[in-house]
Amino acid sequence: AKKAADTKPVNKDFEKYGISQVDLQLAQKIQVTAIGDSVMAGSSQNLQKLMPHLIIDAAISRQLGDTIPLFEQYKAKGALNENVLIGLGTNGAFEPKELDHLMQIIGPKRHVFWVNTHVPTRDWQDQVNGELDAATKKYPNLTIIKWHEFAGSHPDWFYDDHTHPTPEGSKFYSAYITKVLVTEGKY
């Protein structure tokens, strides 16, 4: 990746969002299945630009319970990659048993990356993020991508709802997620 970064740079416009050419080169290779809500949907083009082998399924108003059949379908057809990116929690809290069920479907051999929730106008934000943090003690294959903490001091990255990233915020969101995936993901 280092040699390719020097000789064939990619996605140079993302470098100003905190991601190096080496990371960008690695992102060209990583295989990821992503399932999320409207926050992820709004950034899907940037995520796809950074990680061309990304399978992404993101929809407005999606909640964790709604996605259980989706994960089962992706797994059944062999499309659930070794790296699984989840962006759920914006639209409401979930029960720990729902998270447990999802982690059982995904299985212990895949690395799960879950983007925590930045929805400061809703009372479930802290509950969702607390459940995710607690789950890392139970599931060693779960990494929480700390979007809430990373973006918290940047209100200018969000529309007036303080939840959905603006076009500029979407680039920070996508670059931050990609950086974590290429650093900790499976190849």
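Considering segment 1-37, the residues that are in contact with a Ser or Thr (Cβ under 7 Å, 6 or more places away or on another chain) and of a type outside the set (D, E, K, R) include one that is farthest from H111 (Cα to Cα), namely I19. What are the residues in segment 146-187 that are closer than 20 Å to P52 by Cα, part of a loop (DSSP other than H, G, I, E, B) and of a type in the set (S, T, Y), if any? Of everything in segment 146-187, just one residue is closer than 20 Å to P52 by Cα, part of a loop (DSSP other than H, G, I, E, B) and of a type in the set (S, T, Y), namely Y187.
Here A134 meets the list (1) under 17 Å from the mean Cα position of the chain (by Cα); (2) assigned to a helix (DSSP H, G or I) almost entirely, failing just condition (1).
Scanning segment 26-85 for residues that are among the hydrophobic types (A, V, I, L, M, F, W, C) and in a helix (DSSP H, G or I) turns up L26, A27, V39, M40, A41, L47, L50, L64, I68, L70, F71, A76. Taking the conditions (1) in contact (Cβ under 8 Å) with a residue 12 or more places away in the chain; (2) within 23 Å of D156 (Cα to Cα); (3) not small (G, A, S) in turn, D57 satisfies each one other than (2).
Examine segment 103-111 for a residue that is loosely packed, with under 13 Cβ neighbours inside 10 Å, more than 25 Å from I55 (Cβ to Cβ) and polar (S, T, N, Q), and state whether such a residue exists. Working first, answer last.
Narrowing segment 103-111 to residues loosely packed, with under 13 Cβ neighbours inside 10 Å: 104, 107-109.
Checking the rest, the ones that are also more than 25 Å from I55 (Cβ to Cβ) come to none.
Looking through segment 103-111, none of the residues is loosely packed, with under 13 Cβ neighbours inside 10 Å, more than 25 Å from I55 (Cβ to Cβ) and polar (S, T, N, Q).
Given the conditions (1) assigned to a loop (DSSP other than H, G, I, E, B); (2) of a type in the set (D, E, K, R); (3) loosely packed, with under 12 Cβ neighbours inside 10 Å, which single one is not true for R122? Among (1) assigned to a loop (DSSP other than H, G, I, E, B); (2) of a type in the set (D, E, K, R); (3) loosely packed, with under 12 Cβ neighbours inside 10 Å, R122 violates only (3).
All of the numbers you see were taken from the coordinates with simple rules; none came from a lab. The structure presented is a predicted model; accordingly, all values stated were derived computationally and were not measured. In this analysis, Cβ positions are derived from the backbone assuming ideal geometry, glycine residues included, and neighbour counts consider all displayed protein chains.
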